[in-house]
1. Between GLU78, GLU66, GLU165, find the one with the highest GNM mean-square fluctuation for the chain; connect C-alpha pairs within less than 10 Å.
2. Compute the FRET efficiency between ASN372 and LYS99 as 1/(1 + (r/R0)^6), taking r as their Cβ-Cβ distance and R0 = 56 Å, and round to the nearest 0.05.
3. At R0 = 60 Å, how high is the FRET efficiency between THR161 and ARG134 if r is their beta carbon distance? Nearest 0.05 is fine.
4. How much length, in nm to one decimal, is gained on full extension between GLU251 and ASP154, taken as 0.36 nm per residue of separation minus their Cα-Cα distance?
5. Just to be sure I understand: with springs between alpha-carbon atoms less than 10 Å apart, which residue in VAL89, VAL373, VAL114 has the highest mean-square fluctuation in the Gaussian network model of the chain?
6. Fully extended, how many nm does the chain gain between GLU47 and ASN242 (0.36 nm per residue separation, minus their Cα-Cα distance)?
7. Which option, (1) 26.3; (2) 25.0; (3) 22.3, is the value of Kirkwood radius over Cα pairs in Å that was calculated from these coordinates?
8. Would you mind calculating the gained length between ASP365 and VAL65 on full extension (0.36 nm times residue separation, minus the Cα-Cα distance), in nm to one decimal?
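Quick note: the coordinates plus some simple rules give every number you see, no bench work behind them. Keep in mind that what you see is a predicted model, and the values were worked out from it rather than measured. When we count neighbours, we look across all protein chains shown, and the Cβ atoms used for this are built from the backbone with ideal geometry, even at glycine.
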Amino acid sequence: MDTLDVVALLQMAILQQDLLERNVDEAAKIKRRRRLRRYQTRPWLSEERRRLYGHYARLMDELRVEDPQSFYNYLRMEPAMFDELVQRVGPRIHKHDTKMRKALSPGLKLAITVRFLASGDKYPSLMYSFRVARNTISVIIPEVCQAIVEEYKDEVITCPTSPEEWTPIEEVFRNRWNVPHAMGALDGKHVAIRKPAKSGSLYYNYKGFFSVVHMALVDGDYKFLWVDISGYGSMSDAQIFNDSELKECLEDKSIGFPVLSPISEHDEAMPYFILGDDAFGIRTFLMKPYGQRNLQRDERIYNYRISRGRRVVENAFGILAQRWQVLLTTMQPRPSIVQDIVECCVCLHNLMRIRYPTLHNGIADEEDDQHNVVPGAWKQLAQLEDVQHVAGGNRGTKAGKRQREILKHYFNVAGAVPWQNRMIDG
């Protein structure tokens, strides 16, 4: 056999091997295609079964007619409020039918999303309840949350920008919480998330889990005036506040607080301010308690009065998390979607405070006739974690400390309340 014959045989063997590999690959593709196309839609997830057995078509209709309280427990909102969401948000999430399948109704999408926010259920659990595929639910929930934010944010999360808008907020702090000139209370909480890919320790907080930070300014009626959910878990309260638009507006006075005025007829004029804790540096626009130990009596009274005013922000976060318990879980989506989910929860919280102002009264802290604190239901359950307080690098100003002295004098003399001595002695 000469060289040419050997080459020809080798070429034929190569061609046969190549053809065999192609046949194997083609057979694998056909098998895979058959496996993938076993169902276009699983029978138990079909439109017909969904209407017959799904929670939206069956359970929710039964609860609405027979047991409205259980409907409220299921979605954490009144039927009338759910109907309002369908009416207002529905056009934003409506889809048209195709030749292949019917589109899911806006009401079903909203029911899945609100149940997810209220319970924190995983996508597979929602799939079995509502008979909608898990991968479809993973698309529906971010879409609906974003639609709720777009529809309601400008209406229900509105930070005032003029003295006329700020005055009613100051009156609540003055009359209900006995802190004149206060315009809100500031704090931040961790919202747990799954570690984002290639993020290193950016989202890893001092508590030992991954999170984004929800910072908020709250009024005297537990409504959120301003929110920032862009902070990384590794950041402190002060870092997020120092980089925020809120601080910028407070410093350049574009926030629209009223002009300086005395808190009593015997005191000099002073700026209006927000309330913070020891994480923040004291400024004329931010009052906080004394931080050192062995305080004098008048300083302890000042701390009690400021802390009593700050209680609204702790209660607002507590009410928010107990109503929308997804905030107490470790959320799986990427951080940008988590931000939309948290902002959606805030929109719904404020909407409920506006539509049903007495609904949360059993959850929030109360005071008895002697002004002793009666802990609200939110304190008996799981709570959002506080953000780390970093000492140093956030020093107060002399003007802020001087203003604190004026406020301390007011709380101990002209603005004293009958029960404050008993509270610090107890």
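1. Of the options given, GLU66 has the highest mean-square fluctuation.
2. Once rounded, the FRET efficiency stands at 0.25.
3. Result of the calculation: an efficiency of 0.85.
4. Numbers: separation 97, 0.36 × 97 = 34.92 nm, distance 2.37 nm.
Extending this stretch completely gives an extra 32.5 nm.
5. VAL373
6. Extra length from GLU47 to ASN242 when fully extended: 65.0 nm.
7. (2)
8. Working: separation 300, 0.36 × 300 = 108.00 nm, distance 3.29 nm.
Taking ASP365 through VAL65 to full extension adds about 104.7 nm, to one decimal.
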